[in-house]
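The values are calculated or read from the model by the stated rules, or taken from the named source; none is laboratory data. Bear in mind the structure is a predicted one, so any value in this text is a computation, not a measurement. Here Cβ is always computed from backbone atoms with ideal geometry, including for glycine, and neighbour counts include all displayed protein chains.
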Amino acid sequence: MVRLPTEPADTPYNLSTMTRSIDGLDGRLIRALAEHPRAGVLELARLLGVARGTVQARLDKLRARGVVTGFGPDVDLIRIGYEVLAFTSIEIAQGRLADVVAHLDDIPEVLEVHATSGQGDLHCRVVARTNEHLQQVVNRILEVQGINRTTTVIALSEQIPFRVQPLIAAATTDKEGQDG
């Protein structure tokens, strides 16, 4: 006998069902770290209204689980002379992924590389000082064997900067709603 679900299939979207456990205090701690990146554990405890040991334990747990991955400074690339941001899609030959990725890793202007589905095998975020410099970066990308084609687009302006705080807030709000 097959039982059909009594709940409709189109249940509301709930982010917390797709995330590992991150509760309200974890979310507040991450937010405090983002807003006060130079604060020590004692200052974070004061801001959150919890014991220093609680903050230290939570922070250690978040780091051990890989949720918090670093405490480095955010750098404004334009202020250090890299005014051009571009995205390069790379189609590579079969069996050449490792070679191409190793080559891209040696190019400082290649900030990140992701393997992608769809058209193109890799998607790269690259920076340059000028459009002419971007051409040099693209030419350097093409120096490795195994690249069949590249497509580069230049970012005209940033509409929404990289962010995680709204996602953290949504994940912890959903969790808190389930608890009550």
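Observations on the structure shown:
- Qualifying residue in the stretch 68-76 (condition: within 15 Å of Arg140 (Cα to Cα) and either free of Cβ contacts under 8 Å to residues at least 24 places away in the same chain or not in a helix (DSSP H, G or I) (or both)): no
- Condition met for Gly120 (of a type outside the set (S, T, N, Q), on the phi > 0 side of the Ramachandran plot and in contact with a strand residue (DSSP E or B) (Cβ under 8 Å, 6 or more places away or on another chain)): yes
- Residue in the stretch 157-165 that is surrounded by 10 or more Cβ atoms within 10 Å (Cβ to Cβ), outside any helix (DSSP H, G or I) and modelled with pLDDT under 95 present: yes
- Assessment of the stretch 115-125 against the conditions (assigned to a loop (DSSP other than H, G, I, E, B) and touching a helix residue (DSSP H, G or I) at 6+ places or on another chain (Cβ under 6 Å)) yields no matching residue.
- A single member of Arg38, Arg28 is among the charged types (D, E, K, R), at pLDDT 50 or above, surrounded by fewer than 10 Cβ atoms within 10 Å (Cβ to Cβ) and closer than 25 Å to Phe162 by Cα, and it is Arg38.
- Single condition Thr11 does not satisfy, out of (1) hydroxyl-bearing (Ser, Thr, Tyr); (2) surrounded by fewer than 10 Cβ atoms within 10 Å (Cβ to Cβ); (3) modelled with pLDDT of 95 or more: (3)
- If the condition is being under 18 Å from Gln145 (Cβ atoms) and buried (at least 16 other Cβ atoms within 10 Å of the Cβ), then the stretch 82-100 contributes Thr88, Ile90, Ile92, Arg96, Val100.
- Hey, Ile168 touching a residue at least 24 places away in the same chain (Cβ under 8 Å) and within 17 Å of Ala86 (Cβ to Cβ) or not: no
- The stretch 129-142 residues that are more than 22 Å from Asp76 (Cα to Cα) and of a type outside the set (Asp, Glu), paired with ones that are at pLDDT below 95 and in a helix (DSSP H, G or I) (beta carbon under 9 Å, 6 or more apart): none
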